[in-house]
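Contents: one structure, followed by commentary.
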Amino acid sequence: MAAGLMLVFLPLGTYVTAYDRSWAVLSARGFPDFTVQFLVSTLVTFAWVSGADWLHRRLNYHFGARLEKWGPTGANILTALPIFLAGMAGIILILEANQWLFYQALNMAPGIADEARACRIIYGLFASLSLCVYMLIANHHIMEFTKEAQLKAEQLEKENLLSQFNALKSQVNPHFLFNSLSILASLVKKDPELSELFIDRLSRAYRYILEEHESAVAPLQKELDFLQAYTFLLRTRFEHKFEVHLQLSKTTIEQSSIPPLTLQMLVENAVKLNRMSEKEPLIITISEESDMLIVRNKYRPRGQEAHSTSLGLQNIINRYALLTDRPVWAGEREDEFWVKIPLLH
C-alpha cells in the first residue's frame, strides 16, 4: 500500500511543484533524486499507514460500541477525524525531515521556484492522501470483518450439516439391528443350527457397521461385501423367494464410494414393500449407468405395507443431499421400481 501510494503521489507532487516541467529537466531528476525520495518516502509512508491502522483498531476497540449510535456515516467521520489530525501532524514533521534530508544532508537541488506555494500544494496533496489512507484502511478492515463473518458462517453451516448427518446415521444403525433381531427371532425355534450360522453372519455384518459408523462414505467394495452378508440373512428367512443380482464393472467397484448401508436400506425397502413367492421371487438388480448406481426390482406392492421404523429412501436422499449436489432419483419405470444414486469418488 505504501509503495503504491508513493508511485502515484511522487510523480504528481513533482509535476505540480516543479518550475520547469520539461521532460529533460524531470528525467534528469530520476536518479538519485526520485529514487531516494521513493525509497525513503515508501518507508515513511509504511510507518504512517501502520500507525493509522493501529490507531483505527484502537479507536474501534475502545469506542466502537459508543460510535454505533452515530450510524455508519457518523462513526466513520468520528473515526477518520483523529486519524486525519494525527496524520497531518505526522506529515508536517515528515516534510520538515525531508527538507533537511534531501536539501541539506544530501545537498539536492530543490527544483522549486516558489517554495511557499509548493508547501501548500504538498500539504493539500498529503491531506488528500491522508483521507485515501483512511479509506483504504477502513475498507481493509471491512473486508477482514466480512471474511471472518463468512468463515464463521461456513463453519456453523459445516457443523450444522455434520450434526444433521450424524443424526441420520444414528437412525440407521439401531434400525438395522432391530430388523435383524426380528429375523433371528423367527428362526430360533424352527432351526437352532441355522440360527447359529445366522448369528455369525449377523456379527460380521454388524462389525462393518461399527467400523463405518463414523464415516460419511464407504468404499463400494466394502458395501457390497456387507450386502452379501446381509442378503444371506434375508435368504435364510425367505429361502428361494429372494435374490440379488450384481451387474457392476470391476473399475466401478474398486473406485467408487457410497454412504454406508445405502444398499442394505434399498434392499430392505424392496423386501418390505413387495410380494414374493417361490414362483415369483423378488429379484433385485444392482447395475450402473452414467456414474450412477441403479437398484431396481419388479414392482409388486403388498396389499398393506409392513410396519417399519426405518426412514428408508428418505434417509438416503437426506444423506446424499449433505454430501453432493447430485440428487437421488426414485420412481417407477414400466413394471419396475428404480432408485438411482450417485457414485462418489
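The values are calculated or read from the model by the stated rules, or taken from the named source; none is laboratory data. All of these numbers come straight from a predicted model, not from anything done at the bench. All Cβ positions, glycine included, derive from the backbone under ideal geometry; neighbour counts span all protein chains shown.
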Considering the stretch 236-262 alone, what residues qualify as being assigned to a strand (DSSP E or B), over 22 Å from LEU184 (Cα atoms) and in contact with a helix residue (DSSP H, G or I) (Cβ under 8 Å, 6 or more places away or on another chain)? LEU246, SER257, ILE258
Do any residues in the stretch 313-341 that are in contact (Cβ under 8 Å) with a residue 24 or more places away in the chain and buried (at least 16 other Cβ atoms within 10 Å of the Cβ) have Cβ atoms under 7 Å from those of residues that are assigned to a helix (DSSP H, G or I) and of a type in the set (Val, Ile, Thr), where the two are at least six apart or on different chains, and which pairs are they? ASN315/VAL172; ILE316/THR262; ILE341/THR262; ILE341/ILE316
Taking the stated definitions as given, is ALA138 surrounded by 14 or more Cβ atoms within 10 Å (Cβ to Cβ), in a helix (DSSP H, G or I) and either under 35 Å from the mean Cα position of the chain (by Cα) or modelled with pLDDT of 75 or more (or both)? yes
LEU184 passes all but one of (1) surrounded by 15 or more Cβ atoms within 10 Å (Cβ to Cβ); (2) in the same structural domain as LYS298 (by TED's automatic domain parsing); (3) at pLDDT below 85; (4) aliphatic (A, V, I, L, M); which number fails? (2)
Taking the condition exposed (fewer than 15 other Cβ atoms within 10 Å of the Cβ), assigned by TED's automatic domain parsing to the domain that holds GLN314 and more than 19 Å from VAL328 (Cβ to Cβ), does GLU243 pass? no
Return the pairs, sorted by first residue and then second, in which the second residue is among the polar types (S, T, N, Q), the first residue lies in the stretch 290-301 and is surrounded by 14 or more Cβ atoms within 10 Å (Cβ to Cβ), the beta carbons are less than 6 Å apart, and the residues are 6+ apart or on different chains. ILE294/SER287; ARG296/THR285; ARG300/ASN274
Given (1) at pLDDT 70 or above; (2) closer than 24 Å to LEU5 by Cα; (3) within 34 Å of the chain's Cα centre (by Cα); (4) of a type outside the set (D, E, K, R), identify the lone condition not met by ILE91. (3)
Taking the conditions exactly as written (on the phi < 0 side of the Ramachandran plot and either out of contact with any Asp or Glu (no Cβ under 7 Å at 6 or more places or on another chain) or surrounded by 12 or more Cβ atoms within 10 Å (Cβ to Cβ) (or both)), does LEU273 satisfy them or not? yes
If you go through GLN155, GLN164, the only one that is at pLDDT below 65 and part of a helix (DSSP H, G or I) is GLN164
